[in-house]
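Asks: I have a structure I would like to understand better, so I am pasting it below and will then ask my questions one at a time.
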Amino acid sequence: MEKLKSLLSGVDSTKIFFTDLNGRTRGVSINPENIEKITENGIGFDGSSIDGITTVDDSDRLLFPVEHSLRIVEFDEKRLGFFIGRIDSEKGKSSYSDPRAVLVNVIDTAEREFGLRFLAGPEYEFFILKGDEFPEARHTDRAGYFSSDPNDRGDVVRETIVDILRKCGITFEKNHHEVTSSQHEINFECASPLEAADQTLLFMHVARKVAAANGFFATFMPKPFNGQNRSAFHIHLSMQDLHGNNMFYDESKKNGLSDAARFFTGGILRYARETSIVMASTYNSYKAYTIDREAPIARGWGLRNRSSMIRVPYASDPSATRIELRSPDPSGNVYLQMAVFIAMGLQGLRDSIDPGEPDTGNVYKKNTYSRIKDSRLLPRSMFEALAEAENSEFLRGVLGEGLFKSYMELKTTEWESFRTAVTTLEHTAYLSI
């Protein structure tokens, strides 16, 4: 506690951040002089005013700072003490609706039941735009993949983001301009799934703040523009035993992939449809599942194949053998996305699920997908994703009954609001009738 007090003594402000069920960041400023009392007793808040947390008849919740999550973040000579928070329904009793607690439970299950731990390497794609309202939300550049224009103002924003994060202990592997105008990607070094999820909250906070300081707007909306690529949230995952040995690699097996790697992959493929509403959680998400727009449309896995839902990247070192899940986008709740990703794989291990042969060639062009409902594909609408999730005992088991019910109600309401809204496109197509 004394070390914590010492670290906070030099900050200008201190905040505790957490997510609502949608994955949107929420936060509260605290007096750092009261940190000992706050870590002991928490801060009371109205959970019914935050999407998916609880109902008005049981609204009281406690927010506790996770002590080891503290990072000192420097913005323009201002120092922010940044905590991740956990939600309790009562002191010492985790709230069923805390998304972070779901991930903690899955990680504990992996270690207790299988003796396994994981490393996650997240890749974040996002747009840096001129504003946050259309049509003013225009591109800041006309650059493309790996563009290196010294006049690119978005590049300055991106480099500032990684520099601020580096100074508070979050290091990146690479960052670059993406394929689409104004689109950027930052890949962070691998960490435990919980730490990677916690870092996501800080990354998004820093990205938005730096963009705003430069007169721009950073958005993680999956697909803001017609006819252009979406922003994805790719997750690289490796699996280790308790001694740190990579459990996805087996030199004696085809392609160097262990049986555990295949079964883990098989579980993800089997449950991909019924968990899609977590991986791609908004109405806008499903406008991205389009052929040749770098979003996976079919369930499958491939070696080095970026048109596959699951890619096994080339690894020059066996210890780096991993899988990459390419279906999620950054609009979802990162804690639930990480939890469901791992839980699908663990179920594959339990049931020894064979993933079949790897994809070959361009998956986008290999088949003609013409049926309205095609089980080979990921859901192509939010309604289809909700229908798959509604009957999923697997997803219900991972999230827990209470959170599952709250999440489905939240997402069904979202779908209904978009389903009944009349759009400009409809006016153009039908007003002349």
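Asks: Report the residue, chosen from GLY348, GLY81, GLY397, that carries the largest GNM mean-square fluctuation when the chain is represented by alpha-carbon nodes joined by springs under 10 Å.
Replies: Comparing GLY348, GLY81, GLY397 in a Gaussian network model of the chain, the most mobile one is GLY397.
Asks: Debye calculation, C-alpha points only, no solvent: report log10 I(q)/I(0) for region 1-48 at q = 0.13, 0.15, 0.29 Å⁻¹, in the same order as the q values.
Replies: -0.36, -0.47, -1.16
Asks: Something else: Within region 327-360, which residues have the backbone N less than 15 Å from the label spot 7 Å out from ARG304 along Cα→beta-carbon, could you tell me?
Replies: Residues 359-360 qualify, since their backbone N sits under 15 Å from the label point.
Asks: Given the peptides 411-418, 284-291, arrange them by the average over their residues of other C-beta atoms within 10 Å, most packed first.
Replies: 284-291, 411-418
Asks: Calculate the FRET efficiency for ASP317 and ASP354 from the Cβ-Cβ distance with a Förster distance of 25 Å, rounded to the nearest 0.05.
Replies: Once the sixth-power term is evaluated, E becomes 0.40.
Asks: What distance in nm separates the two pseudo spin-label positions at LEU431 and LYS93, each 7 Å out from Cα along the beta-carbon direction?
Replies: About 5.6 nm separates the two model spin labels.
Asks: Next up: For region 129-216, which chymotrypsin sites (Phe, Trp or Tyr not before Pro) pass both filters: DSSP loop (anything but H, G, I, E, B) and at most 14 other C-beta atoms within 10 Å?
Replies: Details: sites: TYR145, PHE146, PHE172, PHE188, PHE203, PHE216; in loops: TYR145, PHE146, PHE216.
Those satisfying the criteria are TYR145, PHE146.
Asks: Where the eigenvalues come from the Cα gyration tensor of region 2-95, what are the semi-axes √(5λ) of the equivalent ellipsoid, largest first, in whole Å? Don't skip to the answer; put the middle values down first.
Replies: Working: eigenvalues 124, 46, 18 Å².
Each semi-axis is the square root of five times an eigenvalue, giving 25, 15, 10 Å.
Asks: What 222 nm value per residue comes from the helices of the chain, counting each DSSP H run with n ≥ 4 as -39,500 (n - 2.57) and dividing by all residues, nearest 500 deg cm²/dmol?
Replies: -10000 deg cm²/dmol
Asks: So, in Å, what gap is there between the alpha-carbon centers of region 111-161 and region 171-220?
Replies: Comparing the Cα centres of region 111-161 and region 171-220, I get a distance of 5 Å.
Asks: Among the GluC sites (Glu not before Pro) in region 117-159, which ones are in a DSSP loop with at most 15 other Cβ atoms within 10 Å of the Cβ? Mind listing them?
Replies: Those satisfying the criteria are GLU133, GLU136.
Asks: Between ALA191, ILE35, PHE18, whose Cα lies farthest towards the positive end of the dipole of the chain when Lys and Arg beta carbons carry +1 and Asp and Glu beta carbons carry -1, centred on the Cα centre?
Replies: ALA191
Asks: To continue, here is another question. With the cut-off at 19 Å, tell me which of the pairs LYS5/LYS37; LYS37/LYS78; LYS223/LYS373; LYS91/LYS405; LYS37/LYS167; LYS15/LYS130 have Cα atoms farther apart than that. Please list the in-between numbers first.
Replies: On the way: LYS5/LYS37 12 Å; LYS37/LYS78 25 Å; LYS223/LYS373 23 Å; LYS91/LYS405 24 Å; LYS37/LYS167 29 Å; LYS15/LYS130 28 Å.
Too far apart for the 19 Å limit: LYS37/LYS78; LYS223/LYS373; LYS91/LYS405; LYS37/LYS167; LYS15/LYS130.
Asks: To continue, here is another question. Identify the trypsin sites (Lys or Arg not before Pro) of region 118-207 meeting these criteria: DSSP loop state and at most 16 other C-beta atoms within 10 Å of the C-beta.
Replies: Of the trypsin sites (Lys or Arg not before Pro), the ones in loops of region 118-207 whose Cβ has at most 16 other Cβ atoms within 10 Å are LYS130, ARG138, ARG142.
Asks: Assuming R0 = 35 Å, what is the FRET efficiency of VAL422 and GLU393, from their Cβ-Cβ distance, to the nearest 0.05?
Replies: Details: r = 37 Å, r/R0 = 1.05.
With R0 = 35 Å, the Cβ-Cβ based efficiency is 0.40.
Asks: Run the simple label-point estimate for GLU409 and GLU40 please: 7 Å along Cα→C-beta, distance reported in nm.
Replies: 3.6
Asks: Let me ask you something else. How big is the dipole moment of the chain about its Cα centre under a simple scheme where the beta carbon of each Lys and Arg is +1, that of each Asp and Glu is -1, and everything else is neutral? Debye, nearest 20, please.
Replies: Here the size comes out at about 920 debye.
Asks: How big is the dipole moment of region 306-402 about its Cα centre under a simple scheme where the beta carbon of each Lys and Arg is +1, that of each Asp and Glu is -1, and everything else is neutral? Debye, nearest 20, please.
Replies: Taking the Cα centre of region 306-402 as origin, the dipole is about 400 debye.
Asks: Now a separate question. Determine by what factor the alpha-carbon radius of gyration of the chain differs from 2.2 N^0.38 Å, reporting the quotient.
Replies: Its radius of gyration relative to the 2.2 N^0.38 Å reference: 0.98.
Here, each number is a calculation from the coordinates, and none is a lab measurement. This structure is a prediction, so every number in the text was calculated from the model and none was measured. FYI the Cβ positions are ideal-geometry reconstructions off the backbone, even for glycines, and counts take in every protein chain you see.
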